[in-house]
1. Give the carbon-plus-sulfur fraction of the accessible surface of region 13-56 in %, rounded to a whole number; probe 1.4 Å, heavy atoms of protein chains only.
2. Across 10 Å bins from the origin, how do the percents of Cα pairs in region 111-258 run, short distances first?
3. Below 8 Å between Cα atoms, with a sequence gap of 6+, how large is the relative contact order for the chain in percent?
4. Under the 0.36 nm per residue contour assumption, what length would be gained going from the current alpha-carbon distance of Glu86 and Asp65 to full extension?
5. Between Asp229 and Glu119, what's the calculated FRET efficiency when r is the beta-carbon distance and R0 is 22 Å? Round to 0.05.
6. Probe 1.4 Å, all protein chains in place: accessible area of Lys32 in Å², nearest 10?
7. How large is the accessible surface per residue of region 39-195, computed with a 1.4 Å probe and reported in Å² as a whole number?
8. For the chain, take every pair of Cα atoms, bin their distances at 5 Å starting from 0, and report each bin as a whole percent.
Amino acid sequence: MTPDRLVELERVLNFRDFGGYDTPDGRVMRGKLFRSAHFHEATEGDMERLDTLGVRFLVDLRRGDERKGEPNRWPGEGVRSIASDEGVTSAFPPHLQALLQSDLTAASVAQYMHTLYREFAAQPRHIQLYTEWFRELAQGEGAGVIHCAAGKDRTGLGCALTLYALGVDEYAIFADYEFTNAAMNIDARLPRIQARMEERLSRKLDAAALRPMLSVDPGYLRTAFASIDEQYGSREAYLEVLGVGAHEMQVLRQTLIG
């Protein structure tokens with residue numbers, strides 16, 4: 001994993017290019033596939049930098065309450081922003097629900113993260129937005145951005161599926177996923193995040209218990225893939241649900257592999 005994938009911005013976290021990986025057909029193009037955290041705190045300088053990247057569309061995986069609480073400052077006009085509230089029944093973010101449980105330990109939070117990843121693929125909103133992501137990518141015009149709040153979990157699965165559809169090997173898929181831990185610099189950010197969550201939840205939190213939620217673990221992604229295999233039969237079958245059959249996969253590879 002090369003550090004040059006990370007686009008250094010002032011107040012936007014985890015913005016990076018997840019192209020450039022080798023496939024049997026060549027190499028995934030750089031400058032076409034971007035992943036990120038939200039853009040609520042983007043500075044004027046950040047927005048000027050982002051405007052130079054040729055982004056045509058953005059898929060926001062966040063729920064409606066997240067978008068309302070921290071609305072994106074970028075992109076502006078000329079970039080299609082895609083979001084959805086399909087199937088959302090609760091206004092309280094799931095990760096905060098987990099932090100309200102009485103037995104709050106690193107092990108219990110990690111267990112919760114596995115549960116979350118087990119459910120990601122089948123959620124109607126994620127199916128809709130991942131489908132939109134692949135549909136826009138197949139058009140081959142400009143670059144795309146996929147993001148959520150931190151750009152690591154919902155985004156992580158979407159990026160992993162994208163690289164899988166393009167024929168990137170498992171090692172590189174997991175390396176891209178795990179790079180979030182370095183890109184987010186969790187150790188430096190943990191005290192601020194802990195203080196903010198404690199204020200919102202009106203309870204003291206253990207930093208060690210927060211870490212499994214704020215970082216990524218290859219086991220989480222393996223759980224998501226295993227759940228996909230169990231529910232849909234294979235990753236290929238799930239991609240078909242997202243509108244990416246054999247023909248569409250070939251179009252994506254012709255479009256994004258140089």
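The values are calculated or read from the model by the stated rules, or taken from the named source; none is laboratory data. Please read all numbers here as calculations on a predicted model, not as lab measurements. Because the Cβ atoms are built from the backbone with ideal geometry, glycine has one as well, and the counts that use them run over all protein chains shown. Each accessible area value is taken on the protein alone, full model and side chains, heavy atoms only, with ligands, DNA and RNA left out. Shrake-Rupley method; radii C 1.70, N 1.55, O 1.52, S 1.80 Å.
1. Numbers: 890 of 1810 Å².
The value for region 13-56 is 49 percent carbon and sulfur by accessible area.
2. Going out from 0 Å in 10 Å bins, region 111-258 shows 10, 37, 33, 15, 5, 0 percent.
3. Details: 381 pairs, mean separation 68.0, N = 258.
Dividing the mean separation by the residue count of the chain yields 26 percent.
4. On the way: separation 21, 0.36 × 21 = 7.56 nm, distance 1.27 nm.
Contour length minus Cα-Cα distance gives 6.3 nm.
5. On the way: r = 15 Å, r/R0 = 0.67.
The calculated FRET efficiency here is 0.90.
6. Rounded to the nearest 10, that gives 50 Å².
7. Value returned for region 39-195: 42 Å² of accessible area per residue.
8. 1, 6, 13, 18, 20, 18, 13, 7, 3, 1, 0
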